[in-house]
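Let me begin by presenting the structure, written as C-alpha cells, before commenting on it.
Rule-based calculations on the coordinates, nothing more; no lab input. Quantities reported herein were computed from a predicted structural model and do not represent experimental measurements. Ideal geometry is used to build each Cβ from the backbone, glycine not excepted, and the neighbour counts take in all protein chains shown.
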Amino acid sequence: MKAAQINKYGGSEVVEINKNSPKPAAPRGQLLVEVYAAGVNPIDWKIREGYIPLKFPATLGGDFSGFVADIGEGVSGFKKGLEVYGYASVLGGGSGSFAEFVLADTKFIAVKPKTITHIEAGALPLTGVSAWQALVDHIGISRGKKILIHGGAGGIGSIAIQLARHLGAYVATTVSAKDMEYVKELGADEAIDYKNQKFEDMLHNYDAVFDTVGSETYIRSFKVLKKGGTIVSMLEQPRPELMEQYGVNAIGQLTQVNSERLSKLAELIDQRVTKVHVDKTFPLEQAGEALEYLKSGHLRGKVVLKMKKN
Ligand SMILES: NC(=O)c1ccc[n+]([C@@H]2O[C@H](COP(=O)([O-])OP(=O)(O)OC[C@H]3O[C@@H](n4cnc5c(N)ncnc54)[C@H](OP(=O)(O)O)[C@@H]3O)[C@@H](O)[C@H]2O)c1
C-alpha cells in the first residue's frame, strides 16, 4: 500500500511516498481501516520537523475517515465496510493515517457522521474533539456565558465558535481582517481583527478564553477574564503567577480523541449544529505539499488528503 512517510526530520522534501509499505492485518483490539480521506493538522508538520522524537520510518497523519477493512480479535460492535472516523497517529499507538490503510485502536474510533462526506469527516477528529474537550469538559460553557475564542477561522476555532453558540454562549473571536465575515457566518457575535485591534482593550469580564494561538496572545488574554474565569490553551502551560494575579483558573489542554467524544461530535454534525469547512484537498502523493500549504497559514478551513479518486 502507499503511505506518506519520513525517514528523517525536515521540510516537505523529507516526505516520501512509499508505494510498498506492507498492508497490515488488524491485531487484537484494533481495526484496519481503508482510508478515504485524512485531515492535515499543525501537529503533522511539527512531527515532520522533529518537535517530537519518533522511530523511522514513520507514517505521518492522525485524522482519518474510511471503511472498516479488517477486525482484530476481541473487537465487537464493528463490521467490515462500516464507515468510521477517528485518530491514529503513531504517537498514540496507531499506524499513521497518511496511507491507504490505517490501524487504529477501537478506543479512538467512532461511526462516521452520516450527513457529511468522508472528506469533511476526515477533517474533523482532532479539531472537533479539541473544541469539545475545551468548551464542554474544561470550561463547562453554557447559556449566557461570555467566551473569547482566539483563531476563530482556524480548524479548532471554527468548530469552537459553532459549538459555543449552540450551547448558548456569547462569542467574541480574533481573526485576520479577511475572515471577519466568515466567523460571523459561523455564529460569532463579535469579530476582532488581531493585527489591527487590541482585544484586551475591547473585552472585559469574560467567563472564559479558549486560546488556539499561544505566546503573547495567551498572556494578554488574562486581562479579559473576570475573577473566577477560565482560560484553556492549546499551546501554553498554566502560569501560576498570572493565575494568582488575575484570580483565574488556567488549563493547558492535551487533546484526547476518544470514541465517546467522536460519537458526540457526530451527533452534533448530524443535527446540523456544526459544519466542517474544507479549504483544499490534495492527493496522498502530495502530502508534503499539503503540509507546507497548511504551515504557510491564512487558510479558511481544513486541508485534507484524499486517498480515493472518487
Ligand atoms: N495541545 C493539543 O493537544 C493540541 C491539539 C490540536 C492542536 N493543537 C495546536 O493548536 C493550534 C491551533 O490548531 P488549528 O488546527 O486550529 O490550527 P490552524 O487551523 O492553523 O488555525 C490557526 C488559526 O490561528 C489564527 N491566528 C494566527 N495568529 C493569530 C493571532 N495572533 N491572533 C488570532 N488568531 C491568530 C490563524 O489565522 P491567520 O492564518 O489568518 O493568521 C488561523 O486561522 C496549533 O498550534 C496546534 O498545533 C494542540
Dipole axis of the range 1-101 (+1 Lys, Arg; -1 Asp, Glu on Cβ), positive-most option in Phe98, Phe56, Leu82: Phe56
Most exposed first, judged by fewest Cβ atoms within 10 angstrom, Phe78, Phe56 run Phe56, Phe78
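So if each residue of separation counts as 0.36 nm, and I subtract the Cα-Cα distance between Ser296 and Ile219, what length gain in nm does that give?
Here the answer is 25.3 nm.
Please state the charge dipole magnitude for the range 190-280, taken about the Cα centre, from unit charges on C-beta atoms (+1 on K and R, -1 on D and E), reported in debye and rounded to the nearest 20. Mind dumping the intermediate values first?
Working: 12 positive and 14 negative charges, 24 e Å.
With only Lys, Arg, Asp and Glu charged at Cβ, the dipole is about 120 debye.
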Compute the signed sum of charges (Lys and Arg +1, Asp and Glu -1) over the other residues within less than 13 Å, Cβ to Cβ, of Ile141. +2
Sorting check: for 156-162, 16-22, 32-38, which peptide has the highest mean count of neighbouring beta carbons within 10 Å, and how do the rest follow? 156-162, 32-38, 16-22
Longer than 21 Å from Cα to Cα, which of Lys114/Lys264; Lys80/Lys275; Lys178/Lys302; Lys79/Lys112 are they? Say none if no pair is. Lys80/Lys275
Calculate the dipole size of the range 127-252 relative to its Cα centre from +1 charges on Lys and Arg beta carbons and -1 charges on Asp and Glu beta carbons; express the result in debye to the nearest 20. 240 debye
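Around Val15, with a cut-off of 15 angstrom between Cβ atoms, what is the net charge of the other residues, counting Lys and Arg +1 and Asp and Glu -1? Walk me through the intermediate numbers first.
Numbers: positive: Lys2, Lys8, Lys19, Lys46, Arg48, Lys295; negative: Glu13, Glu16, Asp44, Glu49, Glu285, Glu289, Glu292.
Neighbour charge sum, excluding Val15 itself: -1.
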At R0 = 45 Å, how high is the FRET efficiency between Ala25 and Asp137 if r is their beta carbon distance? Nearest 0.05 is fine. 0.80
The range 179-253: trypsin sites (Lys or Arg not before Pro) in DSSP loop, at most 16 other beta carbons within 10 Å: Lys195, Lys198
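Let's see if you can work this out: charge +1 on each Lys and Arg Cβ, -1 on each Asp and Glu Cβ, no other charges. What is the dipole magnitude of the chain about its Cα centre, in debye to the nearest 20? Write down the numbers at each step before the final one.
On the way: 37 positive and 34 negative charges, 92 e Å.
The calculated dipole for the chain is roughly 440 debye.
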So for the chain: antiparallel DSSP bridges make up what percent, rounded to the nearest 5? 55 percent
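Ranking Phe222, Phe108 by Cβ neighbours within 10 Å, fewest first, what do you get?
Details: Phe222 19, Phe108 26.
In order of increasing Cβ crowding within 10 Å: Phe222, Phe108.
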Going fewest to most other Cβ atoms within 10 Å around each Cβ, Leu254, Leu54, Leu291 line up as Leu254, Leu54, Leu291
Ranked highest first by the average count of other Cβ atoms within 10 Å around their residues, in what order do 166-172, 125-131 fall? 125-131, 166-172
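Which net charge results when you count Lys and Arg as +1 and Asp and Glu as -1 among the other residues whose beta-carbon is under 10 Å from that of Tyr85?
Working: positive: Lys112; negative: Asp63, Glu83, Glu120.
With Lys, Arg at +1 and Asp, Glu at -1, the net is -2.
Using only DSSP helix segments of four residues or longer, with each worth -39500 (n - 2.57), what per-residue ellipticity at 222 nm results for the chain after dividing by its residue count and rounding to 500?
Numbers: 10 runs with 79 residues, N = 310.
Mean residue ellipticity, 222 nm, calculated: -7000 deg cm²/dmol.
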Over the chain, with a Gaussian network built from C-alpha contacts below 10 Å, which listed residue (Asp179, Asp201, Asp279) shows the highest mean-square fluctuation? Asp201
At 7 Å along Cα-to-Cβ for each site, give me the label-to-label distance between Asp201 and Val273 in nm. 3.7 nm
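If you take the square roots of the eigenvalues of the alpha-carbon gyration tensor of the chain and sort them as a ≥ b ≥ c, do you get rounded (a/c under 1.5), prolate (a/b over b/c) or oblate?
Because a/c hits 1.5 or more and a/b exceeds b/c, the chain counts as prolate.
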